[in-house]
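Heads up: the structure comes next, in structure tokens.
The values are calculated or read from the model by the stated rules, or taken from the named source; none is laboratory data. Note that the coordinates shown come from a computational prediction; the quantities given were computed from them, not determined experimentally. Note that we place each Cβ from the backbone using ideal geometry, even for glycine, and neighbour counts take in every protein chain shown.
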Amino acid sequence: MPSTPTSQPLVPTSRPASRGLPLAGRTDQLVGSVIDSSTSLLHQQTHDIVRFAMGSPAAEAVPTAILSKLAETALGPESADAYDYAATEGDPPLREALLAALAGTSDATTADRLFLTSGGMQGLDLAGKLFIDPGDLVVVESPTYTNGSATALSYQAELLEAPVDAEGLDVEALSALVQRAGRVPKVIYTIPTFQNPSGTTLSLARRQRLLELARQWGSVVVDDDPYGMLRFEGDALPTLHELADGDPLVFSVRTFSKIIAPGLRVGWVDADPSLQPLLINAKQAMDTCTNLPMQRLVTEFLAGGHLEGLLAANREEYRRRKHAMQDALTQHLGDIARWTNPEGGFFLWVTLTNGVDTQELFEVALAEGVAFIPGPAFSPSGRFHDALRLCFASTAPERIREGVVRLRRAIDRLATRPDRAPESDLG
Ligand code: PMP
């Protein structure tokens, strides 16, 4: 029997006791991230765990040999300037290399639209800062990447959760929800491709309809698409950025986190040129500039032509891993679950049909040696107690099979536990 995990339960971080401090009202809406907290929780564990929880590239997928070689020159003894402050909008060589790397892709853009950020999260934060006033209605997908919804909440948004199905955000259901709300959203936050957490992709028809609704409502579409370059099956779709064709309502957020490495903390925003001065002012009041040594490293990586080869190798490996996970799920969970079929990216969304609550399951699974993120972590209102997110990208196929066996063992343990609430009570 594996050792008991050291854990606090994975619950949203609540506001700490203020000890009489004059905290700002907005701290009521600083909800933190269950997803990010799981990183700290997993670091504390000492037993063997198959890690399906974090959305990180595989360790083997990070091009450490190339990066360390490039660092010798880009960050070597002759490169003191690489340790200086950088231009707020991004280091010119990286801006140039990125424009060249994106040319001909669905994310092709121009210098006046490009703005370098400290990862995708800063792009989302900048969108919140520029567009959300307290009380504004912000649409989020349900389920969604709750770091994104948490960013909107930190700007005191009111959230409207709109359903996602096999074709991504259900835009007609969204239209009905907006009608019922009696007011239009200021911002629509969407992850259109290989969505985090569901793995689903917004169809072309829905992409077009979403842009149409946004124009009708005057809503800004925050197009958060970090996984789009990791398509390993199916036909490519144009990004919302490309379909918008320069419409100022689309604000696109991108990152190198999933395609090179998350620790770099380098990403970019592609937005209407009229927003550049505001983006600069906002970022200057946040962190001055994006980490320059890491910008230089990414510049060398792009300019050296390494990105295409890396993407090709990783797409192939992630495809293998997705199939390994789906095969293992069919074999071991086929009678009690269904799951999505992503054509790229990192995640599968599993829905249990036997009444087990995935939040309760988390602790049992950790003790059995497998980690995932429970469904309620992806819904600001705590939906999806019957679902969980599995990241297939970071684990090798043989370990994936072992992880799914452990997951089944944990489900069976919980399902037969005498203190377990009857199925009908789970809602
Ligand atoms: N958006 C989505 C949908 C993501 O999955 C992530 C990373 N998990 C981010 C944004 C944030 O990216 P970064 O790590 O570059 O801040």
Of the residues Glu167, Glu141, only one is surrounded by fewer than 24 Cβ atoms within 10 Å (Cβ to Cβ), touching a Leu at 6+ places or on another chain (Cβ under 8 Å), farther than 20 Å from Thr27 by Cα and of a type in the set (Asp, Glu); which? Glu167
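Tell me yes or no: at least one residue of region 79-87 is within 16 Å of the ligand (Cβ to nearest atom) and either of a type in the set (Gly, Ala, Ser) or in contact (Cβ under 8 Å) with a residue 12 or more places away in the chain (or both).
Just the residues of region 79-87 that are within 16 Å of the ligand (Cβ to nearest atom), to begin with: none.
No.
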What are the residues in region 213-224 that are in contact (Cβ under 8 Å) with a residue 40 or more places away in the chain and either under 24 Å from Ala387 (Cα atoms) or of a type in the set (Phe, Trp, Tyr) (or both), if any? Asp224
What number of residues within region 217-237 are over 15 Å from the mean Cα position of the chain (by Cα) and among the charged types (D, E, K, R)? 3
If I filter region 223-239 for residues that are out of contact with any Gly (no Cβ under 6 Å at 6 or more places or on another chain), within 30 Å of Arg321 (Cα to Cα), aromatic (Phe, Trp, Tyr) and outside any helix (DSSP H, G or I), do I get at least one hit? no
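Quick grid of which residues meet (1) part of a helix (DSSP H, G or I); (2) more than 16 Å from the ligand (Cβ to nearest atom); (3) not hydrophobic (A, V, I, L, M, F, W, C):
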{"position": "Gln216", "(1), (2), (3)": "yes, yes, yes"}
{"position": "Val253", "(1), (2), (3)": "no, no, no"}
{"position": "Lys258", "(1), (2), (3)": "no, no, yes"}
{"position": "Val269", "(1), (2), (3)": "no, no, no"}
For region 218-234, what are the residues that are within 16 Å of the ligand (Cβ to nearest atom) and over 24 Å from Arg183 (Cβ atoms)? Asp225, Pro226, Tyr227, Gly228, Met229, Leu230, Arg231
So, of the residues in region 61-92 that are surrounded by 10 or more Cβ atoms within 10 Å (Cβ to Cβ) and among the hydroxyl-bearing types (Ser, Thr, Tyr), which turns out to be nearest to the chain's Cα centre (by Cα)? Thr64
All but one of (1) within 16 Å of the ligand (Cβ to nearest atom); (2) in a helix (DSSP H, G or I); (3) touching a helix residue (DSSP H, G or I) at 6+ places or on another chain (Cβ under 6 Å) hold for Arg207; state the number of the condition that does not hold. (1)
Selection status of Pro238, closer than 21 Å to Pro380 by Cβ, surrounded by fewer than 17 Cβ atoms within 10 Å (Cβ to Cβ), assigned by TED's automatic domain parsing to the domain that holds Asp136 and away from the ligand (no atom under 13 Å from the Cβ): no
So which residues in region 32-54 are under 17 Å from Val370 (Cβ atoms) and not in a helix (DSSP H, G or I), if there are any at all? Gln44, Gln45, Thr46, His47, Asp48, Ile49, Val50, Arg51, Phe52, Ala53, Met54
Residue hits (region 156-212; polar (S, T, N, Q) and touching a residue at least 24 places away in the same chain (Cβ under 8 Å)) are Gln156, Ser175, Thr190, Thr193, Gln195, Asn196, Ser198, Thr200, Thr201, Ser203, Gln208
